[in-house]
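The values are calculated or read from the model by the stated rules, or taken from the named source; none is laboratory data. This is a predicted model, so every value here is computed, not measured. Cβ: placed from backbone, ideal geometry, glycine included. Neighbour counts: every protein chain shown.
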Amino acid sequence: MTFGEKFKLERNRLGLTQQETADKLRINRRMITRYENGISFPRSRDAYKKIAVFFGVNVNYLLSEDHELTVVTAELYGSRGMKQAQVFIDGLASLFAGEILSEQDKHAVMKALQDVYMESSVMKTG
């Protein structure tokens, strides 16, 4: 389920219109429409947390589907970095979904990504 689908589901669960939700979250109603249609996403963890508190859900529920990476990237590198992260994620998704890579190759890509992640984590803590 996408962020937009979850947002709309939670809004409907509370019995709120888009305008009522926008008023309570202090954002424009058009942004609610953009969220629900998958056109836009909150740009910071704080925005996700605010929405999660409002709906009474765990923020991780809203952040699934690679959104955390794009949010962190946006916080660190701005909207251009966020777009680049999304292109990267979309590219990997296409690569994994198609028949371009064998299962062995898919595992090798994941291992390489994990290695890069572990190296960067060690650098931050070391």
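Being within 15 Å of the chain's Cα centre (by Cα) and over 17 Å from MET1 (Cβ atoms) is the filter here; which residues of the stretch 30-39 pass it?
Across the stretch 30-39, the qualifying residue is only ARG34.
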Go through the residues of the stretch 46-67 one by one and say whether even a single one is over 30 Å from LYS106 (Cα atoms), within 10 Å of the chain's Cα centre (by Cα) and free of Cβ contacts under 8 Å to residues at least 40 places away in the same chain. yes
Looking at GLU5, GLU10, which is the one that is surrounded by 15 or more Cβ atoms within 10 Å (Cβ to Cβ) and either over 28 Å from LEU113 (Cα atoms) or assigned by TED's automatic domain parsing to the domain that holds LEU113 (or both)? GLU10
Given the structure, is LEU69 modelled with pLDDT under 80 and of a type in the set (A, V, I, L, M, F, W, C)? yes
